[in-house]
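> The structure follows.
The values are calculated or read from the model by the stated rules, or taken from the named source; none is laboratory data. Just so it is clear, the model here is predicted, and its values are computed rather than measured. Here Cβ is always computed from backbone atoms with ideal geometry, including for glycine, and neighbour counts include all displayed protein chains.
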Amino acid sequence: MPVFRFTNLARERENPQNITHFFTADPNQRRLVQQRSDFRDEGVAFYALPA
């Protein structure tokens with residue numbers, strides 16, 4: 001299953017050397033985070049086996 005990566009743009013603006021990421025495999029959670037202007041969707045980061 002795909003695991004998606006988001007960059008936290010608010011943290012990046014505060015300190016360009018402190019880039020943080022948020023990862024999720026949950027499609028509902030991905031849709032919620034995609035609506036936020038302070039996160040950039042970077043697509044599939046990697047694939048994982050389902051639990």
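> Could you tell me which of the residues A10, A45, A51 is at pLDDT 95 or above and either surrounded by 11 or more Cβ atoms within 10 Å (Cβ to Cβ) or out of contact with any Asp or Glu (no Cβ under 7 Å at 6 or more places or on another chain) (or both)?
A45
> Now a separate question. Give the number of residues within segment 2-25 that are outside any strand (DSSP E or B) and more than 13 Å from G43 (Cα to Cα).
Residues flagged as outside any strand (DSSP E or B) and more than 13 Å from G43 (Cα to Cα) within segment 2-25 amount to 12.
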